[in-house]
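Below: the structure, in structure tokens.
The values are calculated or read from the model by the stated rules, or taken from the named source; none is laboratory data. The structure presented is a predicted model; accordingly, all values stated were derived computationally and were not measured. Glycine gets a Cβ as well: all are built from the backbone with ideal geometry, and neighbour counts include every protein chain shown. Protein only, heavy atoms only, side chains kept; ligands, DNA and RNA dropped before computing areas. Shrake-Rupley method; radii C 1.70, N 1.55, O 1.52, S 1.80 Å.
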Amino acid sequence: MMLSPDQAEADLSWTQSDPETLLSGLKSAGCSSEEPAEGDERASKCRADQPLSREEKRRRRRATAKYRSAHATRERIRVEAFNVAFAELRKLLPTLPPDKKLSKIEILRLAICYISYLNHVLDV
């Protein structure tokens, strides 16, 4: 299942299988196994009873392995599409030798120059 920002929060499961992540989440929510100091009523309460803020929910969701895996997959697809687009653009640009390896910035600069040249040819 792919997670998206417009997906309803009710559809997401907030379970965390990683004990360290769960433990750190409890500590950040104010729950700890330490005994509170005498007279410190604030530390004696567990803030887990309070609803989590949107930012805390987002932080916990992003800490899950499922989310990280989905994010890595999306990033691989994005980078692959980016590289394919540059390869297609590279095929359209005239260079000597034709199989010369160009960096992305060189491809962009050459494309700008080539477009300018074509505009000049059309204007004449």
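Values for this structure:
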| item | result |
| --- | --- |
| Within segment 30-56, tally of residues that are modelled with pLDDT under 70, open to solvent by less than 70 Å² (accessible area, probe 1.4 Å) and of a type outside the set (A, V, I, L, M, F, W, C) | 3 |
| Residue count for segment 71-96, restricted to those that are open to solvent by 70 Å² or more (accessible area, probe 1.4 Å) and not in a helix (DSSP H, G or I) | 2 |
| Single residue of Arg59, Arg68 found to be modelled with pLDDT under 95, surrounded by 10 or more Cβ atoms within 10 Å (Cβ to Cβ) and in contact with a Gly (Cβ under 9 Å, 6 or more places away or on another chain) | Arg59 |
| Within segment 97-113, considering residues that are open to solvent by less than 70 Å² (accessible area, probe 1.4 Å) and assigned to a helix (DSSP H, G or I), the one farthest from Val84 (Cα to Cα) | Leu110 |
